[in-house]
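Can you read through this structure? Questions will come right after.
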Amino acid sequence: MTQQRQQPANTMSRRRFVELLIAAGVVSTGTIALGGCSSDGAASSSSAASSSTAQSASNIVIDAKGNEFTIPESIERIAITCNGGTTHEVAIFGGADKIVAQPSMKKFPQLLKMYPQFNDVINAGSFDDLNIETLIAQEPDIALVGISSDKGNAQIADVGIPTYVMLIGWAAIDTLKQEFLNVGQILNNKEQAEKLVEHWDTTLEDLGKKIANVPDAERKSVYYISNATITKANTGDWGRTWIDGVGADFAVPETDLNGEVTVEKVLEWDPDVIIVQGGSDLNDLYTSEQIKDLKAIKNKQVFSIPIGGFWWDRPSPEATLGFLWLAKTVYPDYTEDIDLEKETKSFFSEFYSYELSSEEYQSFF
């Protein structure tokens, strides 16, 4: 049999491209002849069966949907169809140059400064809004997808691309740490993943000792909103985990989690502190006549959440910095010895392999 010419790493073989298009339903088998020797299929099938039999438990991880994911033997090309810190995990575990498709990272200028190659990565869509032909054309070895996009995930799986489901905003601390270990294993960098989990354990344990000194009488209630509109309560599970994690009270009661809240409800809760997702103009809150009597407004306790390599209020590798920032914001008297700039620079150096300047640090706020 004539030996096939090896394709460059960044070039899709014509055969593979057509196979994926057929699986996606973009073309029919009668449109283009694939060619090749008839024995190829039998040989491939036999090889795949042999490889599957030899696969050990150490090459299987459980994704966010509870699915078993068998780690491919070689991963050189990665597609990402979700936000939620997935790109950051891949970068920290040494896979930045392997990303061939992902949503735009323009919201994170610091990330693009550290990884300028992300400016040129193909955007094949995100979640359920995919350009499946564009994604297929990148010939990814695996796709990292979000837990909330069953439709888009099924499209990718249907064309034969192995998919691992990420937690994105549905993470808890323990499940997020397990995801770090899983993705580290997928990218053959368990050591870095274990180091990241150790960082999380140490950081949160040390923080817990500090906030344990806050008397119950001084425990603050924190109202978390998605933008500078007082009714836009952010009631996701991670937000509650984050606020509880610094010894504060989540201002929105469990019974009021559905839909947009009313101004009257916020006045009733009267939070001590209001935190707003990054990039919002807080002046709209401070000048609103409707909420001028709120404690947080009168005491100037409204804060915009920082954006570093990623949003500090979302689950991601650097979310420990968000815990430290929130603790210092809510309980400054009990966290005076936390040097947030030092902690941030240390994280970026250790995990992003980037020496963050003071000017860059200040730009997060």
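If ALA327 meets every condition in (1) farther than 19 Å from GLY94 by Cα; (2) under 19 Å from the mean Cα position of the chain (by Cα); (3) crowded, with 22+ Cβ neighbours inside 10 Å; (4) not charged (D, E, K, R) apart from one, which number is that one?
(2)
With a cut-off of at least 2 residues that are of a type in the set (D, E, K, R), name the helices (runs of 4 or more DSSP H) lying wholly within the stretch 304-362. Give the derivation first.
Details: elements: 319-330, 340-351, 358-362.
It comes to 340-351, 358-362.
Still on this model: Going through the stretch 143-170 one residue at a time, which ones are at pLDDT below 95 and touching an Asp or Glu at 6+ places or on another chain (Cβ under 7 Å)?
TRP170
Can you name the condition, by its number, that SER148 falls short on among (1) within 20 Å of LEU187 (Cα to Cα); (2) touching a helix residue (DSSP H, G or I) at 6+ places or on another chain (Cβ under 8 Å); (3) of a type in the set (S, T, N, Q)?
Failed condition: (1).
Given the residues GLY247, GLY259, which is the only one that is of a type in the set (Gly, Ala, Ser), farther than 26 Å from PRO103 by Cβ, outside any helix (DSSP H, G or I) and modelled with pLDDT of 95 or more? Write out each step before concluding.
Details: GLY259 fails: modelled with pLDDT of 95 or more.
Of GLY247, GLY259, the one residue that is of a type in the set (Gly, Ala, Ser), farther than 26 Å from PRO103 by Cβ, outside any helix (DSSP H, G or I) and modelled with pLDDT of 95 or more is GLY247.
Out of all the residues in the stretch 333-355, which are free of Cβ contacts under 8 Å to residues at least 24 places away in the same chain and either under 14 Å from MET114 (Cα atoms) or open to solvent by less than 40 Å² (accessible area, probe 1.4 Å) (or both)?
The answer is LEU340, LYS345, SER349, SER353, GLU355.
With more than 26 Å from ASP313 (Cβ to Cβ) and open to solvent by 50 Å² or more (accessible area, probe 1.4 Å) as the only criterion, which of ASP158, ASP128, ASP174 stands out?
Values: ASP128 fails: more than 26 Å from ASP313 (Cβ to Cβ); ASP174 fails: more than 26 Å from ASP313 (Cβ to Cβ).
Sole residue among the options that is more than 26 Å from ASP313 (Cβ to Cβ) and open to solvent by 50 Å² or more (accessible area, probe 1.4 Å): ASP158.
With respect to GLN110, determine if the residue is assigned to a helix (DSSP H, G or I), open to solvent by less than 60 Å² (accessible area, probe 1.4 Å) and modelled with pLDDT of 95 or more. I'd like the intermediate steps shown before the answer.
On the way: assigned to a helix (DSSP H, G or I): yes; open to solvent by less than 60 Å² (accessible area, probe 1.4 Å): yes; modelled with pLDDT of 95 or more: yes.
Judged against the criteria, GLN110 is a match.
Does any residue in the stretch 161-189 that is touching a residue at least 40 places away in the same chain (Cβ under 8 Å) and on the phi > 0 side of the Ramachandran plot come within less than 7 Å, Cβ to Cβ, of a residue that is open to solvent by 10 Å² or more (accessible area, probe 1.4 Å) and part of a loop (DSSP other than H, G, I, E, B) six or more places away or on a different chain, and which pairs are these?
That search, which allows pairs on different chains as well, returns ILE168/ASN83; ILE168/GLY84; ILE168/ILE147; ILE168/SER148.
Of the residues ASP272, ASP206, ASP281, which is touching a residue at least 24 places away in the same chain (Cβ under 8 Å) and open to solvent by 60 Å² or more (accessible area, probe 1.4 Å)? So that I can check it myself, show each step before the final result.
Working: ASP272 fails: open to solvent by 60 Å² or more (accessible area, probe 1.4 Å); ASP206 fails: touching a residue at least 24 places away in the same chain (Cβ under 8 Å).
The unique qualifying residue is ASP281.
Within the stretch 75-88, track down each residue that is open to solvent by 10 Å² or more (accessible area, probe 1.4 Å), at pLDDT 95 or above and not acidic (Asp, Glu).
Keep residues of the stretch 75-88 that are open to solvent by 10 Å² or more (accessible area, probe 1.4 Å), which gives 75-77, 83-84.
From the residues that got through so far, the ones that are at pLDDT 95 or above too are 75-77.
Once the filter is applied, which keeps residues that are open to solvent by 10 Å² or more (accessible area, probe 1.4 Å), at pLDDT 95 or above and not acidic (Asp, Glu), the stretch 75-88 yields ILE75, ARG77.
Among (1) more than 18 Å from the chain's Cα centre (by Cα); (2) at pLDDT 95 or above; (3) open to solvent by 20 Å² or more (accessible area, probe 1.4 Å); (4) closer than 25 Å to ALA171 by Cα, where does SER104 come up short?
So SER104 meets the others, but not (1).
The values are calculated or read from the model by the stated rules, or taken from the named source; none is laboratory data. Keep in mind the model is a prediction, meaning the values are calculated, not measured. Here Cβ is always computed from backbone atoms with ideal geometry, including for glycine, and neighbour counts include all displayed protein chains. The area values use the complete protein model at the heavy-atom level, side chains included, leaving out ligands, DNA and RNA. Shrake-Rupley method; radii C 1.70, N 1.55, O 1.52, S 1.80 Å.
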